[in-house]
Amino acid sequence: MNAKTKQTLLRVNHLGFRWPTSQGDVIDIPELTILSGERVFIKGESGSGKTTLLSLLGGINLPSKGCIDIMGTDITQLKQSHRDRFRADHIGFIFQLFNLIPYLSVIENVTLACKFSALRSERALIKSASLEAEARRLLSHLQLTDLDKQVSDLSVGQQQRVAAARALIGAPELIIADEPTSALDADSREHFLQLLLRECAQSGSTVLFVSHDSSLEGIFDRSICLRDINRANLRDKAQQGGLTK
Amino acid sequence: MKNLRWFMVLLWIVSPLVFSSEYREVSWGDLVPKDWLQNAPTEQDFFESGLEPQTIEAPVVAALNKQKLKIAGYILPIKYSGMFISEFLLVPTFGACIHTPPPPENQMIYVSMEEPVEIATPWAPVWVSGLLSAQKSQTKFATAGYQMKGANLEAMDFSGQ
Amino acid sequence: MNPLLLLRLTFKSILNRKFTSGLTLFSIGISVCLLLGVETIRKEAKHSFTNTVSSTDLLVGARSGSVQLLLYSVFRIGNATNNIGWDSYEKISSHPSVAWSIPISLGDSHRGFRVMGTSSEYFEHFRFANERALSFKQGRPFSAVYDAVVGADVAEELGYKLGDKLTLAHGVYDTDFARHNDKPFVLLGILERTGTPVDRTIHVSLQGIEALHTDWQSGTRSRDQVSAEQTLEMDLEPKQITAFMLGLNSKMEIFKIQRAINNYKKEPLLAVLPGVALGELWQLIGVAEKALLVIAVFVLLNSLVGLLTAILTSLNERRREIAILRSLGCRPSQIFILLASESLLFAVLGCVLGVLLFIFSVVLSQPLLQQYGLYISLASFGTEQVAFIVAVIAASFLMGSIPGYRAYKQSLSDGMSIKI
C-alpha cells in the first residue's frame with residue numbers, strides 16, 4: 001500500500017502506425033495508460049505488433065497518428081534529435097538477444113548508456129563515486145561477478161544481466177523489456193526476473209515487460225493482452241510485409 | 001550611383017588592356033633592320049681559316065634598345081637548376097635544322113630572368129616579356145646583340161596564343 | 001555526446017577486426033608509399049640530372065645522338081661509339097672564341113667505378129649545380145703521369161687514403177685479365193662530395209691513360225710488355241679523346257661554333273648544348289614518368305576501393321550494434337559520423353604508415369640509386385607531397401560517406417527489429 005498518489009508515466013491516445021509498404025495499420029490502440037512505478041506485463045504472440053509498439057513508445061519510430069505522452073512530454077511532437085535525447089535520458093531498453101556491443105568490455109557496455117545522457121550520468125554519480133563503480137554495483141546486485149570476461153565469452157544469462165544493468169544505470173524512469181527471458185532456460189527465467197524487478201523497485205522505475213510466456217505473468221502488478229487493446233487486424237496483414245521479422 | 005557602376009565596368013574592361021600593353025608585342029622580323037639582307041655564310045672552314053670572329057655580323061635595330069617588349073620563341077637553356085631556368089637563349093626556330101644556316105645574331109636574344117622560372121616543358125614555345133637592350137658591338141660593359149632582362153615567361157597554349 | 005566518444009568507438013571497432021583492419025591498413029600504406037616514391041623520383045631525378053653540369057656551353061663528341069653524348073660524357077651511362085682525334089680537339093679549342101676547354105677520355109674502370117682521363121683544366125673550369133666548383137677534401141690535382149684523384153664515394157666505399165695504390169682495368173667491367181696490373185696509380189687527392197657522378201669517378205691525366213694503353217694497341221695485352229718506368233720515357237701526348245667541354249667567350253656565338261663543329265670536315269663530330277640535350281632527355285622520359293604516376297594513382301584507388309569494400313561488408317554485421325546504439329539515444333547523424341570516420345581513421349593511419357614506409361625505403365635505396373646517378377633525398381618532401389596526402393585523406397572521407405549514408409538510412413528503417 002502506497003500513500004503517495006501514483007502519477008501517470010505514460011499515456012497513449014489513438015495511436016496508429018503502419019509500415020510504409022503495407023496497406024493497413026499494424027497498431028491501432030485507442031488508449032493505454034501506465035502509472036509511475038507500475039510493473040506491467042504485456043502479453044503478445046508473434047505477429048501481434050509488440051515490437052512495433054515498443055519502438056513507438058521508445059520514440060524510435062513515429063506513429064502515423066495519435067500521441068504518446070511520457071512524463072508530460074508528447075514525444076510524437078518532438079524533432080528526431082530531441083526524441084533521441086529523450087530516449088537516452090528517460091528510457092532503458094533490454095532486448096531478447098545480442099544486447100551487447102562486442103568490442104566494448106562489460107563495464108564499458110553498461111556505462112555506455114550514460115555516455116549518451118548527461119542526466120543519467122549525473123544520477124549515477126549520486127549513487128557511486130564513478131560510473132565504473134556504479135556499473136559494478138548494479139552488476140553485483142544482478143549477481144554477475146565475472147566482470148573481466150570478454151563479452152563474447154559470457155553466457156546468455158550473463159549477457160542479459162549486463163543488458164539489464166545498462167538499462168538500469170542512471171535510473172531512467174521507464175524500462176522497456178522486449179522478451180528478455182525468452183532466450184534463457186526455464187529455470188533461469190524467474191530468477192533473472194526477480195533480480196530485475198528488485199532493482200527497478202529500488203530506483204523507482206516503471207517496467208513494461210513484453211513476452212509471449214504467460215508463466216511469468218503472475219509476478220507483475222498488471223497484465224495486458226495486446227490483442228485486446230490493439231484493434232488492428234494483424235493476422236491478415238502478416239503477409240503484406242513490414243512486420244517484426 | 002548608376003554612373004559609378006558604369007565607370008567600374010569600364011575600368012574593369014579597360015584595365016587588363018592597359019596592363020598588357022606595358023610590354024609591346026614584337027615579332028622576330030622586327031628585330032632585323034629593314035635594309036639588311038642576311039648573307040649566306042662563306043664555305044670557308046671555320047677553324048682552318050684562322051678567321052677573326054667578328055663581334056657581330058648581323059646588325060641590331062637601335063630603336064629597340066631599352067624597350068619593354070614581348071616576344072615568342074623557343075628556349076635554349078644556359079643556366080638552370082633543376083626545372084628552374086634563370087638564363088637562356090631565345091630563338092625563333094627550334095631543332096637546329098641542318099639545311100639552313102644557324103640563326104644570325106639579330107635573331108636571338110640572350111634572356112636573363114629576374115627570378116628563376118619553373119618550366120615543365122622547356123622544349124615548347126613560350127612568350128617572354130622584359131626589357132630589351134640592343135648593343136651594336138662588344139664593349140667592356142656590354143655584350144653585343146640583343147639581351148633581355150626577363151620579367152615574365154609564359155608557355156604558349158595549344159592555339160598558339 | 002562528445003566527439004571523443006565517437007572516436008573511441010570507431011577505434012575500438014577497428015581493433016575488434018584486427019586482421020582485416022591490419023590488411024586494409026597495410027594496403028593503403030603501401031600505395032601511399034608508392035605514390036610518394038614515384039613523385040619523389042620524378043622530381044629528384046630531374047634535379048640530379050640538371051645538377052650534374054653547369055656553365056658548359058657546348059659538349060662535343062664523336063657523331064652520335066645528343067642524348068647519348070650527354071649520357072656517356074656527363075652521367076657516365078653507356079659508352080661512346082667512337083673517339084675524337086687529338087688534332088681536332090686542339091684545333092677547335094684553340095679558336096679565339098673559346099674561353100676554356102676540358103678534354104675527357106673514358107673507357108677504363110676500377111672496381112666498379114669509372115675512370116676518366118682529363119687535364120688540369122677540369123679542376124679549374126668544371127662547374128656543377130649552380131656554378132659550384134670542385135674542391136678538394138684532401139690532397140691536390142694530379143701532376144705526374146700515374147697520379148689519380150678520386151671522388152668522395154670512391155674513397156668512402158673503397159676505404160682509400162692518400163698514397164694508396166690503385167690498379168685500373170681496361171673496359172667497364174673489372175676482371176682479372178683486363179687489369180693493368182703493372183701500372184698502378186697513386187692516390188693524390190680526394191674530392192669533396194658533389195652529389196653528382198663525379199663522386200663515383202676516378203680522375204687521372206690523359207697521359208696516364210695513354211701510358212696505360214701502350215701495350216694494348218691491338219685490343220688486348222701484347223706479348224712485349226712495357227713497364228711503367230719505360231712509359232715515362234715515352235711521348236705520352238694523347239692521340240684520341242672521347243669528348244670535350246667548351247666554354248665560349250660570348251653566348252651569342254654558341255650557334256655559330258656549334259654549326260662549325262657539326263660541319264667540321266676532318267672528322268664527324270657532334271656539338272650539343274647541354275641544356276637542350278637535357279630537354280630532349282626529359283621528353284624521352286616524360287612519357288614513362290607520367291605512366292608511372294598514373295599507375296601509382298590507380299594502385300591507390302584500388303586500395304581505397306578495398307577499404308570501402310571492407311567497411312561495407314562489416315556494415316551487415318554491425319546492424320545489430322547500430323540498433324543498440326540507437327536504442328541508447330544515438331542519433332542517425334551520429335551513426336553516419338561513426339561509419340564515415342572509420343574510413344577517415346584508416347586513411348590517416350594508412351598515410352602515416354605510408355610515410356614511414358617511404359622514409360624507410362628511401363634510406364634503404366639511396367646507395368643503389370646513386371649508382372645510376374640518382375641522388376634522392378628526403379629534403380624534397382614539400383608541399384606537393386603534403387597535398388597528395390591531404391587528397392588521399394579527403395578521398396577516403398568521401399568514400400566513407402557511402403557506408404555512412406547506408407548505415408544512416410538503415411538505422412532509420414530498422415527501428416528495433418533484430419536484423420542480424
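Observations on the structure shown:
- From phi via Karplus (6.51, -1.76, 1.60), per-residue ³J(HN,Hα) for the stretch C:407-414 in Hz, x at Gly/Pro: 4, 4, 5, 4, 5, 6, 8, 5
- Across the stretch C:26-36, computed HN-Hα scalar couplings (Karplus, 6.51 cos²θ - 1.76 cosθ + 1.60, θ = phi - 60°) run 4, 4, 5, x, 5, 5, 5, 4, 4, 4, 4 Hz from first to last residue, x flagging Gly and Pro.
- Its residue count N sets the reference 2.2 N^0.38 Å, and the alpha-carbon radius of gyration of the protein assembly as shown equals 1.53 times that reference.
- Out of every Cα-Cα pair that the stretch A:4-57 contains, those further apart than 14 angstrom amount to 61 percent.
- Cα shape, the stretch A:130-184, gyration tensor, a/c 1.5 rule: oblate
- Each residue of the stretch C:56-66 was assigned a 3J(HN,Hα) from its phi angle through the Karplus expression (A = 6.51, B = -1.76, C = 1.60, θ = phi - 60°), giving 9, 7, 9, 10, 10, x, 5, 5, 8, x, 5 Hz with x at Gly and Pro.
- Cβ crowding within 10 Å, taken as a proxy for footprinting-reagent exposure, orders A:Asp221, A:Asp89, A:Asp178 from fewest neighbours to most as A:Asp221, A:Asp89, A:Asp178.
- Near C:Asn79, no amide H atom lies under 5 Å from its own; only residues 5 or more places off or on other chains count, and H is placed 1.01 Å from N.
- Amide H contacts under 5 Å for C:Ala129: C:Thr52, C:Val53, C:Ser54, restricted to partners 5 or more places along the chain or on a different chain, H placed in the peptide plane at 1.01 Å from N.
- Looking at chain A alone, DSSP beta bridges between its own residues are antiparallel in about 45 percent of cases.
- For the stretch C:1-133, the mean projected area of the C-alpha convex hull, equal to one quarter of the hull surface, is 15.3 nm².
- For the residues of A:90-98, the average number of beta carbons from a partner chain within 10 Å of their own beta carbon is 3.
- Here's how it looks for C:His203: its modeled amide H is under 5 Å from those of C:Met116, C:Val149, C:Val150, C:Gly151, which are all 5 or more places away or on a different chain.
- Considering only beta bridges that DSSP places wholly inside the protein assembly as shown, some 70 percent are antiparallel.
- 19 Å Cα-Cα reach of A:Lys127 towards aspartates and glutamates, excluding residues that sit fewer than 8 places from it in its own chain: A:Asp89, A:Glu108, A:Glu173, A:Glu199
- Over chain C, dividing the summed -39,500 (n - 2.57) contributions of all DSSP H runs of at least 4 residues by the number of residues returns a 222 nm mean residue ellipticity of -17500 deg cm²/dmol.
- For C:His125, C:His203, the sequence from fewest to most other C-beta atoms within 10 Å is C:His125, C:His203.
- Three-way shape label, the stretch A:33-160, alpha-carbon gyration tensor, a/c 1.5: prolate
- Cα pair distances of the stretch C:58-109 binned at 5 Å [whole percent]: 4, 18, 30, 23, 17, 7, 1, 0
- When each of C:Met234, A:Met71 is scored by the number of other beta-carbon atoms lying within 10 Å, the sequence from fewest to most is C:Met234, A:Met71.
- Cβ neighbours within 10 Å from other chains - mean over C:192-204: 0
- Cα gyration tensor category, rounded, prolate or oblate, for the stretch A:151-232 with a/c compared to 1.5: oblate
- Degrees separating the helix A:106-115 axis from the principal Cα axis of chain A, which is the longest one: 60 degrees
- Every Cα-Cα pair in the stretch C:212-322 was counted, and those over 22 Å apart are 70% of them.
Values quoted throughout were computed directly from the atomic coordinates according to the rules given, and no laboratory measurement underlies them. The structure presented is a predicted model; accordingly, all values stated were derived computationally and were not measured. Using ideal geometry, Cβ is built from the backbone for each residue, glycine included, and neighbour counts are taken over all protein chains shown.
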